[in-house]
Amino acid sequence: DTALAWKPVEIDAARRLRVVVIEFMARLAEKLAHANESLAKSNEALDAFAYIASHDLKEPLRGIHNMSRFLKEDYGHLLPQDGQENLDTVLKLTKRMETLIDSLLHYSRVGQLELFVEEVELNSALEEVIEALNLRIAETGTQMRIPRQLPRTFCDRVQITEVFQNLITNALKYNDKSDKWVEIGYLDAASEAGTALRTFYVQDNGIGIEAEQQEAVFRIFNRLHGREEYGGGTGAGLTIARKIAERHDGRIWVESVLGAGSTFYFSLPQGQA
Ligand code: ADP
């Protein structure tokens, strides 16, 4: 045994080294905690800023929109064709800007609302989402697959319902196949071993997302398609879903093959939060 062969001076050095390492780790942990705290604070400040900025932007924007509308109604007939078209463009752009600001407002609100965590019967939440999307499901002829009942889960019901709604809406939207399907489920406990997380998924056989874009889709206002393609959108849905997952100490990500389909996963801590 080599330890027995250690000389007292070596044992002393080892002890001192241990003390130094422990002190170093303690200082590191303190620094990390501090960094975490200031990150949380700056996130909060950013949410508050986004909220105030978007709220204040709405009023002048509405003014511009209304004035342009009056101009069109009262004097539109006096303008030449291209003048009328320009005025219509102003009206369209102000409407679009309002939609973007509303998304930003909603995003910052999600960050500011307190989480209300309780044990949630996710099946009824899912039913509500599907019910609300029934018309689109029928129009697109999408087959909805729910292989098994979802487990009861500790989470904020309203917010997790919103995550399901965003993911399922996208799964219905970004699909060009003739036989469309969407599957909603959760992973087996075995594949979650040691993680203390429960992972849900929304899978589609739609257009898919290329590897380089799979992280970018979670960035706000980032869309991979033209404004009018696939029914439009603001590009905030996945950013909001990510914020909700992270506020639950969970995470959200996508696995996808371009042209074949996408699976969006989100995991939530299993214990009581
Ligand atoms: P929106 O749908 O309003 O554009 P999202 O944040 O929900 O905004 O999505 C961002 C982008 O990610 C979409 O514009 C689309 O290009 C892509 N995307 C989202 N979900 C899917 C999906 N299920 N299949 C393929 N692409 C998707």
Requested in this report: Have a look at A14, A48 and point out the one that is within 29 Å of F164 (Cβ to Cβ) and surrounded by 10 or more Cβ atoms within 10 Å (Cβ to Cβ).
Outcome: A48
Query raised in the report: Does the range 85-100 include one or more residues that are out of contact with any strand residue (DSSP E or B) (no Cβ under 9 Å at 6 or more places or on another chain), within 30 Å of I184 (Cα to Cα), in contact (Cβ under 8 Å) with a residue 40 or more places away in the chain and part of a helix (DSSP H, G or I)?
Result: yes
Query raised in the report: Counting only residues that are more than 16 Å from the ligand (Cβ to nearest atom), within 27 Å of Y107 (Cβ to Cβ) and open to solvent by 30 Å² or more (accessible area, probe 1.4 Å), how many does the range 141-176 have?
Result: 3
Query raised in the report: Considering the range 251-269 alone, what residues qualify as being more than 10 Å from the ligand (Cβ to nearest atom) and hydrophobic (A, V, I, L, M, F, W, C)?
Result: I252, W253, V257, A260, F266, L268
Query raised in the report: Restricting the first residue to the range 164-185 and requiring it to be in a strand (DSSP E or B), which pairs with a second residue that is open to solvent by less than 40 Å² (accessible area, probe 1.4 Å) and within 11 Å of the ligand (Cβ to nearest atom) meet a Cβ separation below 6 Å and a spacing of at least six or different chains?
Result: W181/N205; V182/A171; V182/D204; I184/V202
Query - In the range 51-84, the residues that are hydrophobic (A, V, I, L, M, F, W, C), part of a helix (DSSP H, G or I) and either within 28 Å of the chain's Cα centre (by Cα) or surrounded by 12 or more Cβ atoms within 10 Å (Cβ to Cβ) (or both) - result: I52, A53, L57, L61, I64, M67, L71
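Conditions (1) part of a helix (DSSP H, G or I); (2) under 30 Å from the mean Cα position of the chain (by Cα); (3) at pLDDT 90 or above, marked per residue:
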{"position": "D1", "(1), (2), (3)": "no, no, no"}
{"position": "A26", "(1), (2), (3)": "yes, no, yes"}
{"position": "S38", "(1), (2), (3)": "yes, yes, no"}
{"position": "K41", "(1), (2), (3)": "yes, yes, no"}
{"position": "A45", "(1), (2), (3)": "yes, yes, no"}
{"position": "F49", "(1), (2), (3)": "yes, yes, no"}
Requested in this report: Could you give me the residue pairs with C-beta distances under 8 Å whose first residue belongs to the range 115-128 and is over 22 Å from R247 (Cα atoms), whose second residue is modelled with pLDDT of 95 or more wherever it lies, and which are 6+ apart or on separate chains?
Outcome: E128/T161
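The rows are residues; the columns are (1) of a type in the set (K, R); (2) within 11 Å of the ligand (Cβ to nearest atom); (3) not in a loop (DSSP other than H, G, I, E, B).
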residue	(1), (2), (3)
I209	no, yes, no
N222	no, yes, no
R227	yes, yes, no
Y230	no, yes, yes
G233	no, yes, no
I240	no, yes, yes
I244	no, no, yes
D249	no, no, no
Report summary line: Note on E44: of the conditions (1) over 25 Å from I240 (Cα atoms); (2) of a type outside the set (G, A, S); (3) touching a residue at least 40 places away in the same chain (Cβ under 8 Å), unmet is (1)
Report summary line: Those residues of the range 165-185 which are more than 17 Å from L135 (Cβ to Cβ) and not small (G, A, S) amount to N166, L167, Y174, D176, K177, D179, W181, E183, I184
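The values are calculated or read from the model by the stated rules, or taken from the named source; none is laboratory data. Computed from a predicted structure; not experimentally measured. With ideal geometry, Cβ positions are generated from the backbone for all residues, glycine too; neighbour counts draw on all protein chains shown. The area values use the complete protein model at the heavy-atom level, side chains included, leaving out ligands, DNA and RNA. Shrake-Rupley method; radii C 1.70, N 1.55, O 1.52, S 1.80 Å.
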